[in-house]
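The values are calculated or read from the model by the stated rules, or taken from the named source; none is laboratory data. The shown structure was predicted, so the numbers you read here are calculated from the model rather than taken from an experiment. In this analysis, Cβ positions are derived from the backbone assuming ideal geometry, glycine residues included, and neighbour counts consider all displayed protein chains. All accessible areas refer to the heavy atoms of the entire protein, side chains included, with ligands and DNA or RNA removed. Shrake-Rupley method; radii C 1.70, N 1.55, O 1.52, S 1.80 Å.
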Amino acid sequence: MTELLEHTGQRVYPTDQELLHRVLTPYRAKRCEYLTSIEITLSGDPLDGGRLVGACTFEIPESCYIDDTGHFNSVEFNICFNQMAYYLMAKAVKESMIEPFSRWTLEEFWHRQLGDVFITDFKSAFRASMRGRFFHGEIEVADIAEWDGNDLRDPLVILRTKCRYWDEHGGDSHGEVAAAITNPPAI
């Protein structure tokens, strides 16, 4: 369901539970489905001064890789980022929000979700310790670049994002992450 806010020029997309369930399928076997909700807001074209932002909630009842450390750490930061980014891309495909995702089908996205999306640059900062059980996050598309393939290189999409996490106890972390999507669907 999409709610169009006419007076602000924004489109708000509440959590699509069916889509979220499908996006998190690869995490299910490891019991690390941390993203519980994500509301996407699109205002204008992100490539022309607009914004594409996802406001999220997370729950990590138990770490999927280590005994409880008592705090949110860089591994969980990365997993949460992946889940936000995958959902954001899938929703952009489903709702034809922005190029190049508006030209893809969901089937094309599902085929590429794990094998063709690579983090190429990852920066994170932890300003105040977070407990990591229940917290909020945000992802924003900073830039998207797309290159057609030629004799020298394969086609490629680069997605640059900003993200942050916080909790009710003053916890705070943020980062910038770039991802390369190889083998994008042909135009």
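Name the single residue, out of those in the stretch 95-133 being β-branched (Val, Ile, Thr) and either touching a Lys or Arg at 6+ places or on another chain (Cβ under 8 Å) or part of a loop (DSSP other than H, G, I, E, B) (or both), that is farthest from residue 161 (Cα to Cα). Reasoning before the result, please.
Looking only at the stretch 95-133, we keep the residues that are β-branched (Val, Ile, Thr), and these are 98, 105, 117, 119-120.
Then drop every residue that is not either touching a Lys or Arg at 6+ places or on another chain (Cβ under 8 Å) or part of a loop (DSSP other than H, G, I, E, B) (or both), which leaves 98, 105.
Values: 98: 14, 105: 22 Å.
Applying the filter and picking the extreme gives 105.
Of all residues in the stretch 51-76, which are surrounded by 15 or more Cβ atoms within 10 Å (Cβ to Cβ) and either closer than 16 Å to residue 160 by Cα or not hydrophobic (A, V, I, L, M, F, W, C) (or both)?
52, 53, 54, 57, 63, 73, 76
Can you tell me which condition residue 107 does not meet? The list is (1) more than 23 Å from residue 24 (Cβ to Cβ); (2) charged (D, E, K, R); (3) open to solvent by 60 Å² or more (accessible area, probe 1.4 Å), and all the others hold.
Answer for residue 107: the failing condition is (1).
Check residue 140 against each of (1) open to solvent by 30 Å² or more (accessible area, probe 1.4 Å); (2) touching a residue at least 60 places away in the same chain (Cβ under 8 Å); (3) within 18 Å of residue 17 (Cα to Cα); (4) charged (D, E, K, R) and name the one condition it does not meet.
It is condition (3) that residue 140 fails.
Give me the pairs: first residue in the stretch 15-27 and of a type outside the set (Ser, Thr, Tyr), second residue open to solvent by 10 Å² or more (accessible area, probe 1.4 Å) and outside any loop (DSSP other than H, G, I, E, B), beta-carbon distance under 8 Å, and six or more apart or on different chains, which are they?
Here the result reads 16/94; 19/94; 20/37; 22/110; 23/86, each pair linking the stretch 15-27 to a residue that is open to solvent by 10 Å² or more (accessible area, probe 1.4 Å) and outside any loop (DSSP other than H, G, I, E, B).
Among the residues of the stretch 150-187, write down those that are farther than 24 Å from residue 71 by Cα and open to solvent by 40 Å² or more (accessible area, probe 1.4 Å).
150, 151, 152, 153, 154, 155, 156, 160, 182, 183, 186, 187
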